[in-house]
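These notes concern the structure reproduced below.
The values are calculated or read from the model by the stated rules, or taken from the named source; none is laboratory data. In this text, all values refer to a predicted model and were calculated from it rather than measured experimentally. Positions of Cβ are backbone-derived with ideal geometry, glycine not excepted, and every protein chain shown enters the neighbour counts.
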Amino acid sequence: MKHFLLVLFGAMAYADVGTLIPANKQAPDAAVLGVEETAIDVFIDGSSARVAMRQIFSNKTGAVQEGNYVFALPGNAMVSDFAVWDGPVRIPGVILERKRAEELYQDIRLQAIDPGLLQMGESDSDEGRRTRVFSAKVVPIPPYGTKRVELEYHQRLPLENLVNYLAIPLKPEAYRQQTVGRMWITLHVQSAHAIEAFDVVSKSFSLTVQEKTATRIRASMDARNVALTEDFAITLRRGSPKTPALAVVAQRDDLREPGYFEASVVVPPAAGSNAPARRVVALFDASLSMQWDKLERSYAALTKLLTSLTAADQFDLFTFNSSVNRFGGSASAGGPENAEKALAWLKDQPLRGTTNLSAALEAALAAAPENAAIVLFTDGGASEGEIRSGRIAASYASKWAASKKPRTFVFAVGDDANTNLLRALARNDGVLETVGSTEALDFKLNAFLSKLQRRPVAGMRLATDANLFDVYPLQEQTYDGSEAAWVGRYRNAARTNFSSGGATLAVALPASEASHPQVPRNWAKARVDALLEKIDRDGEDKATIDEIIRLSRRYKFVTPYTSFLAAPRALLRPRLIRPGDPVLRVHTDKLISSVVAVFPFGLVKPLKFLAEEDVWQTRFLAPVDMADGTHPVQLVLRDKHGKTYKETRTFVILSKPPIVRAKLDKKSYRAGETVQLSAGASAATRTISARMYGAAPVALRWNESAKTNTGRIVLPAAIAPGRYTITITAEDMAHNIGSQEVALDVLP
């Protein structure tokens, strides 16, 4: 029996994207496992990037091999798809609640069918909130055979000084150089704001540009034997607006539900001015958790800060671990000589012990005069003194409010940085920047240091009308030359007013005919981030965790409470169809003040009045042995004058899912072709939809001439050859769901 195992965990301190290491080695070995092919598809919509990676690894030996697949996500990225291939068959990942995924994983392994499990962190959800590193066991890789792995992630690209910067980490940071047999890169960019310039920063990746306009860019590369000597990086420079430029994009996949929007404002750069002298208090984490890569990056960042200071500036330098030490005993003047002395002193400080972050913050507050900036270089891993993130943040905010209120800047390093705590510290009139183990340092560091002398733009809020709700900002602060953005939902497809930063816009939602599939997921990610922050502040509660799991499953991205599980779908289907959770809804006269339902199986339940819908409602559980069909329920109604009335209504029990019968117009297709679908379903079916990897979901609607439900899916032009599955799902009036899977082959 063919089987595979792909388990992804956060387990290593250093990681590269797409590295497969033989199980018995500490670094890649091309003589054992080589990278045959890597295909990277990049789609950028405004400041949202989607990166899809497909890699084929080959076993160069005559024995079955096991490999550890290692990669680290860029900052603010989220995994949105994951799949492995068993020969020509693609086995996609399914989002499940974390504990349930682990249970299924163990059960399926006992059946000698090894599933793939992708999750954030190795041990629990708390670790999952702290790491961006994933590793995977890939087995078996047959003798002289291959194994294909797919990963997709989404990332928000910050706009700094009118420049968006995208870097896909390919250069090995922890391991020696690797060579890819063949590499494809495709790049598609669309933007509601004008693009002034596009540059490929990486010199070893030569892209051919097929289209380049003010709002669209298409480019690609196809090369053989590519040595990964640097990361793939590009910059997109926006045109400088004379006044803040507001743009809105929107997406609505289901006309029965509210839509999603993203509003963004590009703020023009400020006119040049003489910056005042700076007063900087630098806090450098010298604990053992900072060794290796984190220490080197922090030292490089501190060096750039100190060497940028002039003789008119002043600085303090503290190191901290289990104790706090100060350079010079008092503030020093800026300039090259004192910078070199401070860095030489820093090199002599021991890297040791635990991390007393609270003591370091107190020392910095005591040393910081008025108009100073505290700059903290750390991973935020408190391990001595107060170690609870919520209490550290609350204590610092209280002491900061009673101090001279220095701006608090945080440069967080490492894939396991405690970003939730560090973000809370930076909210004390400062900025947080994060840099992972594989990320290029220069762009983020330059943008971070430039803000020490600038103030954020005041009043950058989004003013909306009543058609919009559940709005979340995508950034903490907005500076000149950057972008403010918000995501939210809209109720109706109607003309809607937006305004921010002096810019106003009236938009007939859904705003344009162009597709923006990332907007719903961006909104869900912002909502989940708000819920995770609530958990960090107030502790876990069932309702919050349940909502995170629901959003993760619906919008398909990994959270600390969910996992991707890749296994044959037959193993994931439930063996028991349970009765539903029926809803009884009754419209009554305005005089009615209470409604009670008496069900035929002995249940008596009061109904609740929903004022916004002008309806009485209750939920009830039907007995397991209750037959499908129509059943009576007696309603006892009481009006405002105390009079009682009785009425008999009926409800329908549908416990069996719809039966779906679907077929395709043919069995094999080529990339870019259209798949014609037809499907029939049970009489009580309300909706039928079809989904396939890489393509947008489609609704199947009744076709009178064909006497069945029809729809079509357009295969992406860049889809890889292989066997894929289309899932046709039918939902009935009782919200039972039935589905059928049909296979198709994509030919080379």
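The residue that is surrounded by the fewest Cβ atoms within 10 Å (Cβ to Cβ), among those in segment 403-442 that are in contact with a helix residue (DSSP H, G or I) (Cβ under 9 Å, 6 or more places away or on another chain) and on the phi > 0 side of the Ramachandran plot, is Asp429.
In segment 521-566, of all residues being out of contact with any helix residue (DSSP H, G or I) (no Cβ under 6 Å at 6 or more places or on another chain) and of a type in the set (S, T, N, Q), the one that is modelled with the highest pLDDT corresponds to Asn522.
Residues being aromatic (Phe, Trp, Tyr) and under 23 Å from Ala417 (Cα atoms) are entirely absent from segment 323-334.
Cβ-Cβ contacts under 9 Å between residues 6 or more apart (or on different chains), taken from a first residue in segment 332-352 that is more than 16 Å from Phe315 (Cβ to Cβ) to a second residue that is among the hydrophobic types (A, V, I, L, M, F, W, C) and assigned to a helix (DSSP H, G or I), are listed as Leu351/Leu288; Leu351/Met290; Leu351/Leu295; Arg352/Leu288.
Note on segment 18-74: residues that are in a loop (DSSP other than H, G, I, E, B), on the phi < 0 side of the Ramachandran plot and in contact (Cβ under 8 Å) with a residue 40 or more places away in the chain amount to 12. Would you call Thr235 closer than 25 Å to Asp442 by Cα, surrounded by fewer than 19 Cβ atoms within 10 Å (Cβ to Cβ) and within 22 Å of the chain's Cα centre (by Cα)? The answer is yes for Thr235. Applying the condition of being more than 21 Å from Lys444 (Cβ to Cβ) and among the charged types (D, E, K, R) to segment 286-344 and asking which residue is surrounded by the most Cβ atoms within 10 Å (Cβ to Cβ) yields Asp316.
Taking first residues from segment 228-245 that are in contact (Cβ under 8 Å) with a residue 40 or more places away in the chain and partners that are among the aromatic types (Phe, Trp, Tyr) and outside any strand (DSSP E or B), the Cβ contacts under 7 Å between residues at least 6 apart in sequence or on separate chains come to Phe232/Phe205. The residue list Glu540, Glu533 contains one member that is among the acidic types (Asp, Glu), out of contact with any strand residue (DSSP E or B) (no Cβ under 7 Å at 6 or more places or on another chain) and assigned to a loop (DSSP other than H, G, I, E, B), which is Glu540. Within segment 383-416, being under 13 Å from Glu362 (Cα atoms) and of a type in the set (S, T, N, Q) holds for Ser395, Ser398, Ser403, Thr408. The single residue among Ala690, Ala718 that is in a loop (DSSP other than H, G, I, E, B) and surrounded by 15 or more Cβ atoms within 10 Å (Cβ to Cβ) turns out to be Ala718.
Taking Val51 as the residue in question, decide whether it is aliphatic (A, V, I, L, M) and surrounded by fewer than 19 Cβ atoms within 10 Å (Cβ to Cβ). For Val51, the condition - aliphatic (A, V, I, L, M) and surrounded by fewer than 19 Cβ atoms within 10 Å (Cβ to Cβ) - is not met. Looking only at segment 721-735, how many residues end up being part of a loop (DSSP other than H, G, I, E, B) and crowded, with 20+ Cβ neighbours inside 10 Å? Number of matching residues: 1. Does at least one position in segment 658-681 carry a residue that is under 30 Å from Ala743 (Cα atoms), assigned to a loop (DSSP other than H, G, I, E, B) and of a type in the set (Val, Ile, Thr)? Yes, that holds for at least one residue. From the list Ile719, Ile737, the one residue that fits, being at pLDDT 80 or above and within 30 Å of the chain's Cα centre (by Cα), is Ile719.
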